[in-house]
Structure formats: C-alpha cells, structure tokens
Amino acid sequence: MLASPVHPVELAARDARLVGARLSNVRERDAAAFTYDVGGRRVTVMVFEPPPSRYLGTERANVEGHELHYRTVHGYTVPLVDHDGLTYAFTGELDSRSMMHLAATARVAN
C-alpha cells in the first residue's frame, strides 16, 4: 500500500477527462493507475513511491519551462514527474511531443 495519499493529475488539455482508476504495481511496487481519455486516445498515469534508481537510463528535457526526466519504453516516450514524494509516469497513445507537453503542464489535484 502506498504510504502517501495519491491524487489524480489535472491535465491541461481541454479534451481530457478522467475515466478510471485502479490499484496496480510498477516493478513489484504498489501503484495507482489513473486512466484518461485525451481526444479519443488513452493515457495512463501511474503513481508510485520512487525507487532510488528511478532516473537511471533517463534523459532530461525542458518543456514549457519544466525540467522533465523521460525514458523510451518499447518506442513510447514515458515522462516522469515527481510530486510530494511520489513519481507520476505518463504513458499512452500520444506522440512523444504531445506526451511531454501533457506531463509538463499537468497539475496534481488536492
């Protein structure tokens, strides 16, 4: 079970809506998974307590004035955003540029 409270992100895209949430895991760590519809495309945001090695093998980019870490997994760009001791990993059916923009402009709801 996650030790910190988990909140969904608010996506800046006008056509984004939260469609589901569930408990999951990332590399045998407890996680929450939030599923969004963004203009008819699925985006999942996984939230988990980060391992110390979370940035190993990542690259950095400055997007919308925010520094993001990201990695490429099976051809998909996966941006990582840290907030209040948790890591938010963005995955889905968007192109790399759109996914990076979505992660950079997301806000954590409280």
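The values are calculated or read from the model by the stated rules, or taken from the named source; none is laboratory data. The model shown is predicted, which means the values in this text are computed figures rather than measured ones. Because the Cβ atoms are built from the backbone with ideal geometry, glycine has one as well, and the counts that use them run over all protein chains shown. Areas reflect the complete protein model, heavy atoms only, side chains present, ligands, DNA and RNA absent. Shrake-Rupley method; radii C 1.70, N 1.55, O 1.52, S 1.80 Å.
Of all residues in segment 40-69, count the ones that are open to solvent by less than 50 Å² (accessible area, probe 1.4 Å) and of a type outside the set (F, W, Y).
Going residue by residue through segment 40-69, those that are open to solvent by less than 50 Å² (accessible area, probe 1.4 Å) are 43-48, 50-51, 58, 61, 63, 68-69.
Now narrow it down to the ones that are of a type outside the set (F, W, Y): 43-47, 50-51, 58, 61, 63, 68-69.
The qualifying residues number 12.
Pick out the one residue from R42, R27 that is modelled with pLDDT of 95 or more and farther than 19 Å from V108 by Cβ.
Step by step, each of R42, R27 is checked, and only R42 is modelled with pLDDT of 95 or more and farther than 19 Å from V108 by Cβ.
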**Asked** List pairs: first in segment 1-28 and farther than 19 Å from T87 by Cα and in a loop (DSSP other than H, G, I, E, B), second open to solvent by less than 80 Å² (accessible area, probe 1.4 Å) and not β-branched (V, I, T), Cβ under 6 Å, 6+ apart or cross-chain?
**Response** D15/G39
**Request:** Go through segment 9-48 and give me each residue that's small (G, A, S) and farther than 15 Å from A103 by Cβ.
**Result:** G20, A21, S24, A31, A32, A33, G39, G40
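Which of the residues spanning segment 39-50 are out of contact with any Lys or Arg (no Cβ under 8 Å at 6 or more places or on another chain) and assigned to a strand (DSSP E or B)?
Within segment 39-50, the first condition is being out of contact with any Lys or Arg (no Cβ under 8 Å at 6 or more places or on another chain), and the residues that meet it are 39-47, 50.
Passing the criteria: R41, R42, V43, T44, V45, M46, V47.
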**Prompt:** Any residue in segment 54-70 that is modelled with pLDDT under 90 and under 24 Å from A21 (Cα atoms)?
**Reply:** yes
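Just to check your reading of the model, which residue among A89, A33, A109, A21 is open to solvent by 60 Å² or more (accessible area, probe 1.4 Å) and under 14 Å from the mean Cα position of the chain (by Cα)? If you could, list the steps in order and put the result at the bottom.
On the way: A89 fails: open to solvent by 60 Å² or more (accessible area, probe 1.4 Å); A33 fails: open to solvent by 60 Å² or more (accessible area, probe 1.4 Å); A109 fails: open to solvent by 60 Å² or more (accessible area, probe 1.4 Å).
None of the others qualify; the one that does is A21.
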